[in-house]
Structure formats: structure tokens, C-alpha cells
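See structure below.
What follows is calculated from the coordinates using simple rules that are stated; it is not laboratory data. Treat the numbers as computed from the prediction; the structure is a model and nothing was measured. Note: ideal-geometry Cβ built from the backbone for every residue, glycine included; neighbour counts use all protein chains shown.
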Amino acid sequence: MTLIPKSHPRAKSLLIREKLVSGFDKGLVAKEGLLAQGRGEAFDYLLGEKTTKAAKHAIKAAAAQLLQAQRPVISINGNIAALCPKEVIKLSKQIKAKLEVNLFYSNEKRKQAIIKTLKKNGAKEILGTNSANSTRLPGIDSARRVVDKNGIFVADVVVVPLEDGDRTMALRNAGKTVITFDLNPLSRTSQTANITIVDNVTRAIELLIAESKRLAKKKEKSLEKIITNFDNKKNLTENVIQIKNNLTRRARIA
Ligand code: PTJ
């Protein structure tokens, strides 16, 4: 990994980039995953590279939703395996969710590398690895249609971080509640998910773990209230307004 001096004004962003590049070198990340990171970085820049108030609100709703779920599943792709393998496992333990590897750019070698990384980071059971257990999610043509009979197929709540767009609607049509992390509030996934956390997954995942821990002590009724009071469209609008305000401020300085 390239040495990034801590004093560099963009050190945090550069370190995230290095994680992706190193994940690519280890065979975890698709080439296209590097492009996805670039798009994310651009939106992160516009959002001010910090967790917005709206994102904190979405994180709280996501934690409540996950604690209420009967069969939650976290979908793992190459970018997530490279960016936050430890955290995703910690989250799965906290909310008792299953982990399922599901790739857009399907590739058996890459899948095996992802499984190895997850196991190295403490994952016990990983779904999406046994073709005898696979089935098809209707309404989707990409490789993401192949899902595990005991995982995403029967899940009630699915976390799909850094998604490519065509699966969220298929999952919604199958009656599932979808939670995503997506820095682009305008993406199709952001617009069709039930809860969109518009934040860098590397920042937001730790906050989601902490919030799930905090809300685990709350009664069912207060979790329900958090969920029903959350409006994803309104939350996305708040994020777009945040971008607009940041740009207006920058335009005044320039
Ligand atoms: O490993 P695979 O084969 O399953 O492929 C994974 C990628 C991410 C390549 C695939 O799902 C893809 O092509 O995704 P997209 O269509 O590029 O969408 C990814 C979305 O995630 C975009 O809206 C990005 O802005 C957003 N994004 C990128 N990096 C981050 C992010 N959101 C949160 N945190 C990030 N670090």
C-alpha cells in the first residue's frame, strides 16, 4: 500500500482509495468497483466528506429496522469486502443478520477471494457460496439474480451497500425492505430503497453498529415509531439540499 502521510489534507479520502486499490490487487474488487469508488468520492466531496444530519437520521431508522427484522441479510460485494470486512461482520453479529456474497460482475475466483477475506476477519457462516442452495430472484436479469434459498430469497430485510441499481426494485417487488448505503442520493438504488444512508460506508457502518447497540435496549414500540416516522424521499431531498448549500457556500468563497 502506498504510504499516505497523515498530514496530507485529503489523507482520509486517499486511505479509502488505497483500501480499494489493495482490494483490487488481492482479487476482491472488480475493475468497475474502482470506477464506483470514483463516483462515490465525487459525491462525498459535494456532501462535505462528513456524516450529514440527514444521514444520521437514516442510520437511526436503519438500526431500528434491522433490530425489528426476523430474517435480516447483509449482501456483500467486492467493494464492501475491501473497504470494511471487519465492520460488516461486527454489524451482522450485532443485529443477528446473515452474510451473503452476491456479485454484479460474477466471477468465481473473486467470490472465493471475498469468502477468504470474510473468514479471515471472523465470519462463520457465509451464504451465496453453495450452488445447490441457489435460486433466482424474479424480475432481474443480472448475475445478482442468483440468491441463496436460505438467505436473500427468504429475507425480510436486506442491506445492499453500494448497489448497481437493478436489484433494489426486484427486492422491493419481492416484498422485502431494502436498506442501502449510497453516496449518490440521485441513484436508482437510493431512490427505490426503503432506507438510504447517504454517506460513505466506511464512516456510516461504525455509526450503524453503535446505533444498533443503543437501540437494542429500546422497546418494540419505540423502534416502530422510529421506522414509521422515517420518510426516505424527504431524507434524500435533505441530502440534495445539503449538496446545494455546500456548493452555494463554495461559490461565494470562490
Ligand atoms: O463486486 P460486484 O461485482 O458486486 O460490483 C460492485 C460494484 C460497486 C462495482 C457494482 O455494484 C456497481 O457497479 O455499482 P455502481 O452502479 O457503480 O453503484 C455504486 C454506488 O455506490 C454509486 O452510486 C456510488 O456513488 C456509491 N458509492 C461508491 N463508493 C461508495 C458509495 N457509497 C457509499 N460509500 C462508498 N464508499
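Model label sites at I4 and N229, defined 7 Å from Cα along the beta-carbon direction, differ in position by 3.6 nm. With 0.36 nm allotted per residue and the present C-alpha distance subtracted, the K26-K218 stretch has 65.0 nm of extension available. So what's the net charge close to R188: Lys and Arg +1, Asp and Glu -1, counting the other residues with Cβ under 11 Å from its Cβ? Cβ neighbours under 11 Å give a net charge of -3. At q = 0.11, 0.14, 0.15, 0.23 Å⁻¹, work out log10 I(q)/I(0) for the range 85-160 with the Debye formula, treating every Cα as an identical point scatterer and leaving solvent out; two decimals please. Treating every Cα as an identical point scatterer, log10 I(q)/I(0) equals -0.27, -0.44, -0.50, -1.17. Normalised by the number of residues in the chain, the average gap of Cα pairs under 8 Å and 6 or more apart makes the relative contact order 24 percent. Annotation for R136 and L14: the two label points, set 7 Å from Cα along the Cα-Cβ direction, are 4.9 nm apart. An ellipsoid equivalent to the range 161-214, defined through the eigenvalues of its Cα gyration tensor, has semi-axes of 20, 14, 7 Å when rounded to whole angstrom and sorted largest first. A straight chain from N121 to R250 at 0.36 nm per residue would run longer than the Cα-Cα distance by 42.3 nm. On a C-alpha basis, how far is the centre of the range 212-253 from the centre of the range 114-129 in Å? Whole number, if you could? So the separation of the two Cα centres works out to 31 Å.
Remark on the range 181-243: hydrodynamic radius 12.8 angstrom, per the Kirkwood mean of 1/r across alpha carbon pairs. When the Cα atoms of the range 27-176 are aligned to their principal axes, the ranges along those axes come out at 45, 36, 33 Å in descending order. Taking 7 Å steps out from each Cα toward its Cβ at K93 and L34 produces label points 3.4 nm apart. Histogrammed with a bin width of 5 Å, the alpha carbon distances of the range 1-60 distribute as 4, 16, 21, 20, 19, 13, 6, 1 percent, first bin at zero.
Judged by the ratio a/c of the largest to the smallest principal axis of the C-alpha gyration tensor, the range 26-69 counts as oblate, that ratio being 1.5 or greater while a/b is no larger than b/c.
In the chain, inverting the average of 1/r over every pair of distinct C-alpha atoms gives 18.5 Å as the Kirkwood radius. For the range 100-232, the fraction of alpha-carbon pairs lying more than 26 Å apart is 27 percent, rounded to a whole number. The fewest-to-most ranking of H8, H57 by surrounding Cβ atoms within 10 Å reads H8, H57. For the chain, DSSP calls about 15 percent of its internal beta bridges antiparallel.
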